[in-house]
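Working notes, beginning with the structure itself.
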Amino acid sequence: AALKDALRSQVSAALKEGRVTPTELCQRCLALIKNTKFLNAYITVTEETALKQAEESEERYKRGQPRGILDGIPIALKDNFNTAGIETTCASNMLKGYISPYNATVVQKLLDQGAVLLGKTNLDEFAMGSGSTDGVFGPVRNPWSYSKQYKEKSVSKSHSEDKESDWVISGGSSGGSAAAVSSFTCFAALGSDTGGSTRNPAAHCGVVGLKPTYGLISRHGLIPLVNSMDVPGILTRCVDDAAVLLGSLAGHDPKDSTTIQDDFKPFELPNLIDVSKLSIGIPKEYHAPGLSSEILALWSKAADLFKNAGAKVVEVSLPHTRYSIVCYHVLCTAEVASNMARFDGLEYGHRSDVKDSTESMYAATRREGFNDVVRGRILSGNYFLLKQNYEKYFVKAQKVRRLIANDFVKVFRSGVDILLTPTTLSDAAPYTEFIQEDNRTRSAQDDILTQAANMAGLPAINIPTALSERGLPVGLQFIGRSFQEKQLLTVAKWFEKQVQFPVIQLEEVKRHDSGVFQHQQSASFS
């Protein structure tokens, strides 16, 4: 195989040198998608389109005119980004069969740079959830459920247990994108991040998950959940790749008034990194109830790594963090209620056959189109927005949000450069255990360490750090100053080098197609 020789071979360089062609790369990824169908990571696989894009890329390479580092690189998109000519469902009956007339800005930017679109990935319905278990196309399975590392640790379990239900969740709501990257079916994927929906599945699937500063990347064409917090997220197998994608996607978009006005200059991360002059903050409030002893120990070891490298490590306080999850719930559901109002059966999406009256058609359409989770959030949001409740809930939550954002401002003004926190409370839960609790309870638990960064609009990244006692990935989160992605990613790259997170060993896939698997172990395209 053309790229057998190294785990971290540079795929972009191999394409330029002709050691592998975009078509071969695309075919190998498509073969892996077929072999990992049991993961349910993809809703739509765009095989014909992908092969055509790969052929066009191949012609550009033959002419010596590639469009850049992403030319010929296979990528996947969460199925809440609009794609012209390709179905966009949000994993909901409401949008089954919906084909957008335009591409989201981020999608267009990727295509303009020659990226090859393999397909649209699975998610919780309308991105409401933290397990990728509540979409109409079924739950996403975490690739690590089928890894040698996990299976070796779970051998001691009773043989009478149903092995088919032994798999663990991928996290959410961008679980399909995280599983796609983790299982080598693509080199990068886009998710969305409203309260942790990129970082949470990245932690559970052992990949890098970047939530950029609010306004750095255009939201145009991303079907909205919470307009004031949504950002497109980036999922890759290493930090360098995340920096490449960020450089390709960031910048002003006249179609999104919330994007930055200044041009964004892409950057390369240095190979030699000195962290000795940095101040790393450890927020004491992130030692949250339910935090596993394993993750607590890992968090402490990570702090020691920085201390031993000469960095200043200080405990800091973000006092309003304890109110953040309640505040987030009020603001999230209020904006959801507003955003979901557009799905009425008139202009696009599902329309009920009920014809008694316009009102009854509206009601039936929304009852048939939305699942219980979405309907529940709409009801909660409308309750908070009632005239008699508006000041008491929505306005008060906005005030608390300002206090939460100010906490971060004060900490960064005190001299702290980067905050180091856990990403999740524990490793991935088994599916059968996860569904015992309702979506709202689970989301409140799983978002507790991630949503504050969204409310403050700050950049944050998950870095896979170690395997738990169960052989599953555990990640840690770095939070940076607004628009200081270069510093954040530089620190993340240094940490990534220190921890040397192991490569997943997907035994079942390896048996099916060892050639494809060995090729796709290449962690980086950059």
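The values are calculated or read from the model by the stated rules, or taken from the named source; none is laboratory data. Remember, it's a predicted structure, so these values are computed and weren't measured experimentally. With ideal geometry, Cβ positions are generated from the backbone for all residues, glycine too; neighbour counts draw on all protein chains shown. For the accessible areas, the whole protein counts, side chains as well, though only heavy atoms, and no ligand, DNA or RNA atoms are used. Shrake-Rupley method; radii C 1.70, N 1.55, O 1.52, S 1.80 Å.
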Unmet criterion (only one of (1) part of a loop (DSSP other than H, G, I, E, B); (2) more than 25 Å from S12 (Cα to Cα)) for F184: (2)
Looking only at region 9-36, count how many residues are closer than 17 Å to G64 by Cβ and either among the basic types (K, R) or open to solvent by less than 60 Å² (accessible area, probe 1.4 Å) (or both). 10
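Per-residue answers, yes or no, for (1) farther than 30 Å from K392 by Cβ; (2) in contact with a strand residue (DSSP E or B) (Cβ under 7 Å, 6 or more places away or on another chain):
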position: L235; (1), (2): yes, yes
position: L245; (1), (2): yes, yes
position: H252; (1), (2): yes, no
position: N271; (1), (2): yes, no
position: S276; (1), (2): yes, no
position: I280; (1), (2): yes, yes
position: H320; (1), (2): no, no
position: Y328; (1), (2): no, no
position: T333; (1), (2): no, no
Any residue in region 144-165 that is in contact with a strand residue (DSSP E or B) (Cβ under 7 Å, 6 or more places away or on another chain) and either closer than 30 Å to S57 by Cβ or part of a loop (DSSP other than H, G, I, E, B) (or both)? no
Looking at region 112-121, can you tell me whether even one residue there is part of a loop (DSSP other than H, G, I, E, B) and charged (D, E, K, R)? no
Taking only pairs six or more apart or across chains, which ones have beta-carbon atoms under 9 Å, a first residue in region 457-476 that is in contact (Cβ under 8 Å) with a residue 40 or more places away in the chain and under 21 Å from M229 (Cβ atoms), and a second residue that is open to solvent by less than 10 Å² (accessible area, probe 1.4 Å) and among the aromatic types (F, W, Y)? L458/F408; P459/F478; A460/F478; I461/F478; N462/F478
State whether one or more residues within region 142-163 are surrounded by 24 or more Cβ atoms within 10 Å (Cβ to Cβ) and closer than 30 Å to R481 by Cα. no
Among residues of region 427-447 being open to solvent by 50 Å² or more (accessible area, probe 1.4 Å) and in contact (Cβ under 8 Å) with a residue 40 or more places away in the chain, the residue nearest to T333 (Cα to Cα) is R440
Kindly indicate whether any position in region 479-488 is in a loop (DSSP other than H, G, I, E, B) and either of a type in the set (D, E) or under 21 Å from P289 (Cβ atoms) (or both). no
Out of (1) over 18 Å from the mean Cα position of the chain (by Cα); (2) surrounded by fewer than 24 Cβ atoms within 10 Å (Cβ to Cβ), the one L117 does not meet is (1)
Tell me, which helices (runs of 4 or more DSSP H) wholly within region 315-407 include 1 or more residues that are open to solvent by 60 Å² or more (accessible area, probe 1.4 Å) and basic (K, R)? 358-369, 372-384
Please find, among D263, D274, the residue that is farther than 25 Å from P473 by Cβ, over 16 Å from the mean Cα position of the chain (by Cα), modelled with pLDDT under 95 and assigned to a loop (DSSP other than H, G, I, E, B). D263
When you check E268 against the structure, is it without any contact (Cβ under 8 Å) to a residue 60 or more places away in the chain and surrounded by fewer than 15 Cβ atoms within 10 Å (Cβ to Cβ), yes or no? yes
Return the residues of region 38-72 that are closer than 19 Å to I86 by Cβ, without any contact (Cβ under 8 Å) to a residue 60 or more places away in the chain and of a type outside the set (D, E); say none if nothing qualifies. L51, K52, S57
When you scan region 55-81, how many residues do you find that are in a helix (DSSP H, G or I) and surrounded by 24 or more Cβ atoms within 10 Å (Cβ to Cβ)? 1
With respect to P289, is the statement that it is more than 30 Å from S92 (Cβ to Cβ), in contact with a strand residue (DSSP E or B) (Cβ under 7 Å, 6 or more places away or on another chain) and not hydroxyl-bearing (S, T, Y) true? no
